[in-house]
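Before any comments, here is the structure.
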Amino acid sequence: MKLGIIGGGLMGKEIASALGRWFALDPSPGTARLVAVCDVSEPARDWFRRVPGVESFYSRHEDLLASDVDAVYVAVPHSLHERLYLDVLKAGKDLLAEKPFGIDRAAAQRIAEASKNQFVRVSSEFPFFPGVQEAFRYVREGRLGKILEVHSSFLHSSDLDPTKPVNWKRQSATCGEIGVMGDLGLHVCHVPFRLGLRPKTIYAQLQNVYSERPDGKGGFAPCDTWDNATLHTWCEGDIPVTFETKRMAPGQMNTWSFEALGTEGGVRFSTKEPKTLWTFEPGKEQRWVQTDVGHRPSFPVVTGPIFEFGFPDSLLQMLAAFTAERNGTLEGRFGCATPDEALLSHRLFDAALRSQKGNTVETV
Ligand SMILES: NC(=O)c1ccc[n+]([C@@H]2O[C@H](COP(=O)([O-])OP(=O)(O)OC[C@H]3O[C@@H](n4cnc5c(N)ncnc54)[C@H](O)[C@@H]3O)[C@@H](O)[C@H]2O)c1
């Protein structure tokens, strides 16, 4: 698979560096080579000159799409998702899209409709931590008994600093009205949705704490996005599930967590303790048991099983899953988020906006 990247910012560089360790996958789930990059910014393009194998550097995405790449990873501001994703699909290329998969529900719907004839998946890497895979299997195997509640959260804290300058993720025009939900939301939906937890109704609590931020030029600019979102939902099967995304969660630096509790068991994982899986053993002496899960990802790598797993490893696993599924060799392993899952997340966020506006319970 010859891969191109459109958008060589934070995530474009992360994906390039994860691809640079492709040879660590053993056995290899297929070939994936980064050959071309496009960014409107020259310094961003120039960074990729250090990446072995990248032969073409474009300032216009149309030129990258006219090249012989097979698939494209696109990581640009949310306001550009629809136009660029549709252009990728029109050019006949497969697509690894970034979340939230369009700036709003209507855009996501149009992209999903255009995605029917090509292989399209959406980036969401945390489920590829071995501990998350263990937690997923635990729930799938029915070890919870009757499910009592599920909590899925992704928490940041750097926005607590009011002097942090504004950027495109903090303005509705470029991030979307859904704000933090667009930024962090698919990350908390991927695992619950894959477990079949589909939200029926929602009561949302959204907060916009700082309404302006330094503009980086000596003045201030509006910061009109939701900073924190707690979505209380009833999912099919009458299961309460909370989806929590926050940019202002004191003490939390990119903390992705999942907890599921049931009548016969429970399971917890958090990237705060990236190698630790907690499982609940009911009985007379109720206890939470801590297990070190080690470096045992779905797609084996040369890294020893006792070593720690981290964020770049989860991106490599996600790329392996994208490649394997595209080749038809996923073989039951956990796959990347689908356009349908991204669209369902948009329906949830859209209902959250309605709920916040009227302080009401809304149908998803
Ligand atoms: N999966 C994750 O963990 C994760 C983390 C952060 C961001 N993201 C997502 O990745 C996407 C990009 O976020 P980021 O943090 O990398 O942003 P960024 O601002 O760091 O990078 C965006 C890049 O896009 C470039 N760009 C803008 N317009 C362009 C165009 N028309 N053609 C080509 N390039 C263009 C910019 O010059 C910039 O280099 C967003 O959808 C965001 O939600 C995902």
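How many angstrom lie between the C-alpha centres of segment 216-256 and segment 304-364? If you average the Cα positions of each part, the centres end up 17 Å apart. Taking 20 °C and 1.002 mPa s as conditions, segment 19-79 diffuses translationally at an estimated 166 µm²/s according to Stokes-Einstein applied to its Kirkwood radius (Cα pairs). Across the chain, the relative contact order, built from alpha-carbon pairs under 8 Å that are at least six residues apart, equals 21 percent. Across segment 248-364, C-alpha contacts under 8 Å between residues 6 or more apart give a mean separation that, scaled by the residue count, equals a relative contact order of 12 percent. The protection proxy used here, the mean number of other Cβ atoms lying within 10 Å of each residue, ranks peptides 33-40, 313-320, 151-158 as follows, highest first: 313-320, 33-40, 151-158. The label-point distance for T201 and A173, in a model that sets each label 7 Å from Cα toward Cβ, rounds to 3.9 nm.
Report note on the peptides 204-211, 79-86: ranked by the mean count of other C-beta atoms within 10 Å, highest first, their order is 79-86, 204-211. For A71, what is the net charge nearby, where nearby means another residue's Cβ is under 9 Å from its Cβ and Lys, Arg count +1, Asp, Glu -1? In short, +1. In this structure, the amide hydrogen of E98, modeled 1.01 Å from its nitrogen in the peptide plane, lies closer than 5 angstrom to those of V74, S123, counting only residues at least 5 positions away or on a different chain.
Given their separation in residues at 0.36 nm each and the Cα-Cα distance between them, E42 and E62 gain 5.6 nm when the chain is fully extended. Other residues with beta-carbon under 14 Å from the beta-carbon of D159 carry, at +1 per Lys or Arg and -1 per Asp or Glu, a net charge of +1. For K284, the aspartates and glutamates whose Cα comes closer than 13 Å to its Cα, not counting residues fewer than 8 places off in the same chain, are E264. Classified by the C-alpha gyration tensor, the chain has an oblate form. Its axis ratio a/c, with a ≥ b ≥ c, is 1.5 or above, and a/b does not exceed b/c. Using the Cβ atoms and a cut-off under 11 Å, what net charge is assigned to the surroundings of A351, where Lys and Arg are +1 and Asp and Glu are -1? With Lys, Arg at +1 and Asp, Glu at -1, the neighbours total +3.
Separation of segment 1-76 from segment 102-169 is 23 Å, based on Cα centroids. The amide H of A337, built 1.01 Å from its N in the peptide plane, has V122, S124 as neighbours under 5 Å, considering only residues 5 or more places off or on other chains.
For segment 266-322, the relative contact order is 25 percent, taking Cα pairs closer than 8 Å that sit 6 or more residues apart in sequence and dividing their mean separation by the residue count.
Residues whose amide H lies under 5 Å from that of F119, counting only those 5 or more places away or on a different chain, are L95; hydrogens are built 1.01 Å from N in the peptide plane.
With a threshold of 27 Å on the Cα-Cα distance, the over-threshold entries among K99/K217; K169/K217; K90/K200; K90/K164; K146/K357 are K99/K217; K90/K200; K90/K164; K146/K357. A helix-only calculation puts the chain at -9000 deg cm²/dmol for mean residue ellipticity at 222 nm, using -39500 (n - 2.57) for each DSSP H run of at least four residues, averaged over all residues. Taking packing as the residue-averaged number of other Cβ atoms within 10 angstrom, the listed peptides 274-282, 129-137 run from highest to lowest as 129-137, 274-282.
Here, each number is a calculation from the coordinates, and none is a lab measurement. No experiment lies behind these values; they were computed from the predicted model shown. Glycine gets a Cβ as well: all are built from the backbone with ideal geometry, and neighbour counts include every protein chain shown.
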